[in-house]
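Chemist: One structure is given below, represented as structure tokens, and several questions about it will come after.
The values are calculated or read from the model by the stated rules, or taken from the named source; none is laboratory data. Computed from a predicted structure; not experimentally measured. Heads up, the Cβs are rebuilt from the backbone with ideal geometry, glycines too, and the neighbour counts pull from every protein chain shown.
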Amino acid sequence: MRIIAAMSGGVDSAVAAARAAEAGHDVTGIHLALSRNPASYRSGARGCCTIEDANDARRAADVIGIPFYVWDLSERFHDDVVVDFMDEYAAGRTPNPCLRCNEKIKFAAVLERALALGYDAVATGHYAQLRTGPDGTVEMHRAVDDGKDQSYVLGVLDQHQLAHSVFPLGGSTKTEVRAEAAARGLLVADKPDSHDICFVADGDNAGWLREKLGDRAPNRGGAIVDVDSGEELGRHEGTYGFTIGQRKGLRIGRPAPDGKPRFVLDIEPVTGTVTVGGRERLAVHRLSATSPRWCGTPPARLDGTVQLRAHGSELPASVAVVGDRVEVELHEPAYGVAPGQAAVLYDGTRVVGSATIAATA
């Protein structure tokens, strides 16, 4: 096959490209320029938007012996990922920009261009496995390395995208991948993983949103109110600095009436009110999600599991699908679930699909 290998500049994508080339495919490496001014997003080798990362990717391609190009997708990344991130926080929701980037950029824009150029597939360094199902469809399953499994952020991929995707690392552990990179002479073998949002330069989401939203911010501050007593416990500078379940950084100026820690329970962007309460108030037993994306045929009902965070545990759940709404009943409570997050559905290790959480109960 002719394969485009998306190379972020990290160890995973470098080894994925090397494995694709070693398997006999005609591989071309590409690095995505996601900002016209990389320094405006992040400095240092911590993400996938820096000049250092582009140079690391180019050196890896040279070692592997494959052609290498930089594709400028900065405008589409800004429109589809960055603006979406700002809009969601402004509306009091909690988005997942990495999931949106996979959906809109890596497996839409990149795949679209690759197919137009005559390539057959896109290979990435994601940890997930593809298998052929009994009905001939392409199934996506969890990676063998539970600690690195990335099927959650890939749950937005549809059957067309999966049919043109290659995940060479799904059957390996991270330790094995780093050892292989070193054996291949790839200088990124020991490069640290990135855990922060790539376009937030210093990891300060609230500060970044304050600067970028400007006059579009839904409020300039408001009250932090205790859910039980109704007392105002403090003030804040903008609801976009909070997410459901947050405990740290609340800047509560006075102790809660019962002296216990407080967590964010609700965010009201219109009035600017942030409601806080005890952890027990965060328990979620049911959730309703919208805008589903299915990896295969949508199920009418499913008794499986749901994952609510990229690095969270899966929970047993019963799922009913009615049109474009997904109703999930959890068999055990989840905590700190926020509207805007993704609920990714599984049948065993198989990813069924993903939907955006709209409401919880």
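Chemist: Of the residues that sit in the range 131-181 and are hydroxyl-bearing (Ser, Thr, Tyr) and in contact (Cβ under 8 Å) with a residue 12 or more places away in the chain, which one is farthest from residue 11 (Cα to Cα)?
Modeler: This residue is 137.
Chemist: Give the residue that is farthest from the chain's Cα centre (by Cα), with candidates limited to residues of the range 302-334 that are at pLDDT below 95, more than 18 Å from residue 145 (Cα to Cα) and not β-branched (Val, Ile, Thr).
Modeler: 323
Chemist: Do the conditions hold for residue 119, that is, is it among the aromatic types (Phe, Trp, Tyr) and farther than 20 Å from residue 32 by Cα?
Modeler: It is false that residue 119 is among the aromatic types (Phe, Trp, Tyr) and farther than 20 Å from residue 32 by Cα.
Residue by residue, here is whether (1) on the phi > 0 side of the Ramachandran plot; (2) surrounded by fewer than 17 Cβ atoms within 10 Å (Cβ to Cβ); (3) modelled with pLDDT of 95 or more holds:
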| position | (1), (2), (3) |
| --- | --- |
| 8 | no, no, no |
| 15 | no, no, yes |
| 19 | no, no, yes |
| 54 | no, no, no |
| 75 | no, yes, no |
| 80 | no, no, no |
| 85 | no, no, no |
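Chemist: Pairs only if they're at least six apart or on different chains, beta carbon under 7 angstrom, first in the range 199-210 and outside the structural domain of residue 237 (by TED's automatic domain parsing) and closer than 12 Å to residue 90 by Cα, second assigned to a helix (DSSP H, G or I) and of a type outside the set (Gly, Ala, Ser); list them, first residue then second.
Modeler: Short answer, once both residue conditions are applied: 206/240; 209/86; 209/89; 209/240.
Chemist: Residues of the range 233-271 being outside any loop (DSSP other than H, G, I, E, B) and either more than 22 Å from residue 91 (Cα to Cα) or in contact with a Phe, Trp or Tyr (Cβ under 6 Å, 6 or more places away or on another chain) (or both), which ones?
Modeler: 233, 240, 264, 267
Chemist: From 277, 272, grab the single residue that is buried (at least 18 other Cβ atoms within 10 Å of the Cβ), touching a residue at least 24 places away in the same chain (Cβ under 8 Å) and touching a Pro at 6+ places or on another chain (Cβ under 8 Å).
Modeler: 272
Chemist: Separate question: For the range 89-109, how many residues meet the condition of being in a helix (DSSP H, G or I) and under 14 Å from the mean Cα position of the chain (by Cα)?
Modeler: Residues of the range 89-109 in a helix (DSSP H, G or I): 89-90, 97-109.
Checking the rest, the ones that are also under 14 Å from the mean Cα position of the chain (by Cα) come to 97-107.
Counting residues in the range 89-109 that are in a helix (DSSP H, G or I) and under 14 Å from the mean Cα position of the chain (by Cα) gives 11.
Chemist: Could you check how many residues of the range 316-326 are closer than 26 Å to residue 102 by Cα and surrounded by fewer than 16 Cβ atoms within 10 Å (Cβ to Cβ)?
Modeler: 6
Chemist: Within the range 219-232, track down each residue that is closer than 14 Å to residue 91 by Cα and in contact with a helix residue (DSSP H, G or I) (Cβ under 7 Å, 6 or more places away or on another chain).
Modeler: Passing the criteria: only 219.
Chemist: Given the condition without any contact (Cβ under 8 Å) to a residue 12 or more places away in the chain and assigned by TED's automatic domain parsing to the domain that holds residue 73, answer yes or no: does some residue in the range 90-107 qualify?
Modeler: No, every residue in the range 90-107 fails to be without any contact (Cβ under 8 Å) to a residue 12 or more places away in the chain and assigned by TED's automatic domain parsing to the domain that holds residue 73.
Chemist: The conditions are (1) modelled with pLDDT of 95 or more; (2) in a loop (DSSP other than H, G, I, E, B); (3) farther than 24 Å from residue 69 by Cβ; (4) not hydroxyl-bearing (Ser, Thr, Tyr), and residue 125 fails exactly one of them. Which is it?
Modeler: So residue 125 meets the others, but not (3).
Chemist: Can you give me the number of residues within the range 172-188 that are outside any helix (DSSP H, G or I) and either of a type outside the set (Val, Ile, Thr) or within 19 Å of residue 128 (Cβ to Cβ) (or both)?
Modeler: Matching residues across the range 172-188 total 6.
Chemist: Right, another one. Is there a residue being assigned to a loop (DSSP other than H, G, I, E, B), closer than 21 Å to residue 101 by Cα and touching a residue at least 40 places away in the same chain (Cβ under 8 Å) anywhere in the range 280-299?
Modeler: First, pick out the residues of the range 280-299 that are assigned to a loop (DSSP other than H, G, I, E, B): 295-299.
Next cut, closer than 21 Å to residue 101 by Cα only: 295-296.
Those still in the list that are touching a residue at least 40 places away in the same chain (Cβ under 8 Å) too: 295-296.
So far as the range 280-299 goes, yes, one or more of its residues are assigned to a loop (DSSP other than H, G, I, E, B), closer than 21 Å to residue 101 by Cα and touching a residue at least 40 places away in the same chain (Cβ under 8 Å).
Chemist: May I ask you to list the residues in the range 165-198 that are under 19 Å from the mean Cα position of the chain (by Cα) and not assigned by TED's automatic domain parsing to the domain that holds residue 128?
Modeler: 192, 193, 194, 195, 196, 197, 198, listed by residue number.
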